[in-house]
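A short worksheet on the structure shown next.
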Amino acid sequence: MKTFDGDFYKFLNKLKNGEHFSLSRWGDGELRILEDIPIDLRNKGNGEFRFDPNISEYDEVKRILNDSFTYKSNEYYIGIACPCCQGVEKFIHMKQKSGQDEDHLTWANIFVNANYRKTLTEFIPELNKHNVNLVINNNSKINGLPFEPHEVWYVGTDAWYANYDVCDKIIEYIIKYNVKNEIFLFAAGPLANILTYKLSLCSAENTYIDIGSILDPYLQLLLTRRYHLGVLEVLNKVCVW
């Protein structure tokens with residue numbers, strides 16, 4: 001049976017052992033897009049994203065986002081909402097909609113809640129031993145990071161639509177410099193899901209991870225998550241499968 005810390009160490013050990021993988025994490029916002037439900041979080045925190053099914057300009061990126069949710073590969077993992085946080089009905093719905101087998105599913109919040117302390121003390125220090133590339137909010141300041149990034153791409157609000165060209169730029173970078181055995185971390189809303197998928201297709205010789213907001217304190221961004229603020233109810237929450 002899956003355990004919250006067991007899956008955390010599964011991915012951490014892959015990093016330590018140099019095993020390449022891709023981890024795409026899906027929250028309620030991304031699910032709303034897949035379900036054609038409008039959402040607008042552009043004024044939240046540092047500026048997130050929006051989706052309106054009535055705006056045709058979103059059609060193509062929404063199709064690619066859907067492809068990234070259902071893509072299957074031995075090294076490709078999907079993080080979904082857990083029953084303890086989002087309810088059993090949504091949990092089962094996301095499992096079925098993704099079409100992934102049990103081994104390639106994990107928690108969307110694998111790096112937070114009761115795993116957040118381990119993320120800070122074990123996962124992030126491990127990054128110091130690798131070449132790490134970042135896609136982050138353009139309000140970020142990288143001088144506070146506990147590791148030195150190799151390459152950084154900055155994106156703005158509604159990045160999955162407005163900054164989709166970053167995907168092509170990173171693919172060009174990987175091909176041009178024959179990039180191998182590096183880690184790419186994405187903190188870019190739904191664009192992170194698209195990047196994880198598209199770069200997996202480009203090269204399976206790197207690791208691609210949607211890290212969400214775990215680096216926000218180091219990047220000196222507005223803190224929008226309760227685990228950032230030390231809420232014990234959240235930091236002690238062990239999620240179940």
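The values are calculated or read from the model by the stated rules, or taken from the named source; none is laboratory data. Being a predicted model, the structure only gives us computed values, none of them experimental. FYI the Cβ positions are ideal-geometry reconstructions off the backbone, even for glycines, and counts take in every protein chain you see.
Which numbered condition trips up ASP168, out of (1) in contact (Cβ under 8 Å) with a residue 12 or more places away in the chain; (2) under 19 Å from the mean Cα position of the chain (by Cα)? Result: ASP168 fails condition (1) only. In this structure, SER56 does not satisfy being closer than 21 Å to SER200 by Cα, among the hydroxyl-bearing types (Ser, Thr, Tyr) and modelled with pLDDT of 95 or more. Scanning segment 174-227 for residues that are within 23 Å of LEU41 (Cα to Cα), out of contact with any helix residue (DSSP H, G or I) (no Cβ under 6 Å at 6 or more places or on another chain) and acidic (Asp, Glu) returns a single hit, ASP216. Scanning segment 201-232 for residues that are touching a strand residue (DSSP E or B) at 6+ places or on another chain (Cβ under 8 Å) and not in a loop (DSSP other than H, G, I, E, B) turns up THR207, TYR208, ILE209, ASP210.
Scanning segment 144-162 for residues that are in contact with a strand residue (DSSP E or B) (Cβ under 7 Å, 6 or more places away or on another chain), without any contact (Cβ under 8 Å) to a residue 24 or more places away in the chain and of a type outside the set (Val, Ile, Thr) yields a count of 5.
LYS90 passes all but one of (1) at pLDDT below 95; (2) within 22 Å of LEU223 (Cβ to Cβ); which number fails? For LYS90, the exception is condition (2).
Here the condition is being in contact with an Asp or Glu (Cβ under 6 Å, 6 or more places away or on another chain) and of a type in the set (S, T, N, Q); of SER24, SER56, it holds for SER24 alone. For the structure I just gave you, tell me whether ASN13 is closer than 25 Å to VAL238 by Cα and free of Cβ contacts under 8 Å to residues at least 12 places away in the same chain. So ASN13 fits the description; yes.
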